[in-house]
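Data block below; observations after.
Readers should treat all values here as calculations from the given coordinates under stated rules, not as data from a laboratory. A quick note: this is a predicted structure, and the numbers were derived from the prediction, not measured. Here the Cβ is made from the backbone with ideal geometry for all residues, glycine too, and neighbour counts use every protein chain on show.
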């Protein structure tokens, strides 16, 4: 069985309050996996590739990606992951304030594992975090 402590969480989020809320929800769900934070899609890709002075995240890892960020938004970031031979199998959950069907469609076109509205961060996100803990104990990740 996969040791879930070895799965790193990459949180791609430019808002510090939202970052703290996600970290708190994961903590409350008793998920103590290592968390790396990137402020935008460009920094996320640098972390994933070990570029520009960033230490590379080793597989397995899961990414939570915000849609609306400066420099490179979440959809563009996921598109770049899907083009990259080493990153195309990344498990990505979109974390966003947008409930627009167009944004959901764009995200799911990039084969994301889920679309989580930020208003679910807190009590609702805690339930999602608990589900995530059960998810990666039940499945085998690449």
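Rounded if a/c is under 1.5, else prolate if a/b beats b/c, else oblate: with a ≥ b ≥ c from the C-alpha gyration tensor eigenvalues square-rooted, which is the range 4-138? Because its axes are fairly even, with a/c under 1.5, the range 4-138 counts as rounded.
Rounded to the nearest 500, the 222 nm mean residue ellipticity of the chain from helices alone is -12500 deg cm²/dmol, with -39,500 (n - 2.57) taken per DSSP H run of at least 4 residues. Each peptide in 44-50, 62-68 receives the mean, over its residues, of other Cβ atoms within 10 Å, and ordering these scores from highest gives 62-68, 44-50.
Taken along the Cα-to-beta-carbon direction at a fixed 7 Å, the label points for residue 6 and residue 52 span 3.0 nm.
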